[in-house]
Amino acid sequence: MTDPASWIGTAYEDRTLVTQVGELHADTAGDDVTPPSDRPPTSSTTLPSLVLRMFDVAEIEEGMKVLDLGTGSGYSAALLGHRLGDDRVLSVDVDEYLVSAARRRLATFGRAPRMTTIDATHALPEDGFDRAVAMFSTRTIPSTWLAAVRSGGVISTTLAGTSLHLRVTVTDATHAHGRVASHGARFMPVRSGPEDGSALHRVYLAARTADGDEVRAFDGDVPNIRDDWRLALLLELLQPAVDHRWIDLDDRSMVWLLHASGSWARAEVPKFGGRPTVHSSGPLDLWGHLDRARHLTSEHGPIEPSSLHVEIDSHDQRITWPAGGLSFPL
Ligand SMILES: C[S@@+](CC[C@H](N)C(=O)[O-])C[C@H]1O[C@@H](n2cnc3c(N)ncnc32)[C@H](O)[C@@H]1O
């Protein structure tokens, strides 16, 4: 991406542009630097249609005061400032460089929403927001977000390790309730500072071909979590933060279930006869969860995100699937 003439076209495409990997930022990396392949992105300018979907689900209206969680490139803050007025927007990011670069970038075209460097999972500098929109994902909704949004205000956010996009209405500083949007959305996970993020990749390297602690044969097909996103969603609710990968070789298909804590399972399915096998390692029974997701789906039908309820209080956050008669703690 060294040709400045192509930048404007790229910026207007509907795709995510990674701007930072680990500590390496695109502004300062130099043209000939290749980002490390074992480290996930730590900042990006989000897919524009996804930014709009996050806003749309929040139902942001004229005159509202909005908290933009995860400044990144400053794209979402610029849109909000343009639509609502810069003084109605507070944008926060944990990374000081990103905040100062976004501030400078937006100033070049006359936008100046308020921006602050802060770990947004801690106390926020203001409260009384009508809306909070998060563009990084967390395992649960931080209590500080409930405290920052007024009663009756709305939070639009995603759950780390899942494709669940939550819309919750705040009742008071410790309670909220809501639903899950019908379309999935994924954001990079929350971070608290400089970090490595390569744990999952290390688990994948270990799981690629190793025998593991246990090898078992099984009958039947491997559940198709690559194409069946509802099945994948149910698996993520049963076992949060599970990652799955799949490859098709000439003679077999391989599916991996991975968890950053070190547990993994790998199914190998021969294409020309022979029984499929599952290798696994670590305390989490990832394959068992996938099996359960498959059984629940055939018993109750595919899980429908928009049928899920979200309940939040200071002790417990959970998602209920009424059709399956199940409730999942976050
Ligand atoms: C996907 S980017 C945000 C994209 C941006 N809003 C846009 O419109 O393009 C996610 C951002 O969340 C930030 N982030 C991650 N953890 C955070 C935390 N604990 N507090 C504040 N920001 C955080 C990251 O530094 C990253 O810049």
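The values are calculated or read from the model by the stated rules, or taken from the named source; none is laboratory data. All values reported here derive from a predicted model rather than from experimental measurement. All Cβ positions, glycine included, derive from the backbone under ideal geometry; neighbour counts span all protein chains shown.
Quick look at the numbers
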quantity: Segment 93-117, residues that are surrounded by 19 or more Cβ atoms within 10 Å (Cβ to Cβ) and touching a helix residue (DSSP H, G or I) at 6+ places or on another chain (Cβ under 8 Å); calculated: 93, 102, 106, 111, 113, 115
quantity: Filter result for residue 57 (within 12 Å of the ligand (Cβ to nearest atom) and in the same structural domain as residue 108 (by TED's automatic domain parsing)); calculated: no
quantity: Test for residue 3: is it out of contact with any strand residue (DSSP E or B) (no Cβ under 8 Å at 6 or more places or on another chain), of a type in the set (D, E, K, R), more than 8 Å from the ligand (Cβ to nearest atom) and outside the structural domain of residue 97 (by TED's automatic domain parsing); calculated: yes
quantity: Candidates 134, 148, filtered to the one that is in contact with a Phe, Trp or Tyr (Cβ under 8 Å, 6 or more places away or on another chain) and within 30 Å of residue 230 (Cα to Cα); calculated: 134
quantity: Single unsatisfied condition, residue 236 versus (1) touching a His at 6+ places or on another chain (Cβ under 9 Å); (2) assigned to a helix (DSSP H, G or I); calculated: (1)
quantity: Matching entry among 275, 208, 266 (being more than 28 Å from residue 157 (Cα to Cα) and in contact with a helix residue (DSSP H, G or I) (Cβ under 6 Å, 6 or more places away or on another chain)); calculated: 266
quantity: Residue pairs meeting the criteria (Cβ under 7 Å; at least 6 apart or on separate chains; first in contact (Cβ under 8 Å) with a residue 24 or more places away in the chain and buried (at least 19 other Cβ atoms within 10 Å of the Cβ), in segment 259-287; second part of a loop (DSSP other than H, G, I, E, B) and among the charged types (D, E, K, R)); calculated: 279/211; 280/213; 281/213
quantity: Single residue of 139, 167 found to be assigned by TED's automatic domain parsing to the domain that holds residue 19, in contact with an Asp or Glu (Cβ under 9 Å, 6 or more places away or on another chain) and either touching a residue at least 12 places away in the same chain (Cβ under 8 Å) or within 24 Å of residue 73 (Cα to Cα) (or both); calculated: 167
quantity: Answer from 57, 51 - the residue that is surrounded by 18 or more Cβ atoms within 10 Å (Cβ to Cβ), in contact with a His (Cβ under 7 Å, 6 or more places away or on another chain) and either in contact (Cβ under 8 Å) with a residue 12 or more places away in the chain or hydrophobic (A, V, I, L, M, F, W, C) (or both); calculated: 57
quantity: Near pairs, Cβ below 8 angstrom, 6+ apart or cross-chain, from segment 70-82 (closer than 15 Å to residue 60 by Cα) to any residue that is in a loop (DSSP other than H, G, I, E, B) and within 7 Å of the ligand (Cβ to nearest atom); calculated: 76/46; 76/70; 76/135; 77/71
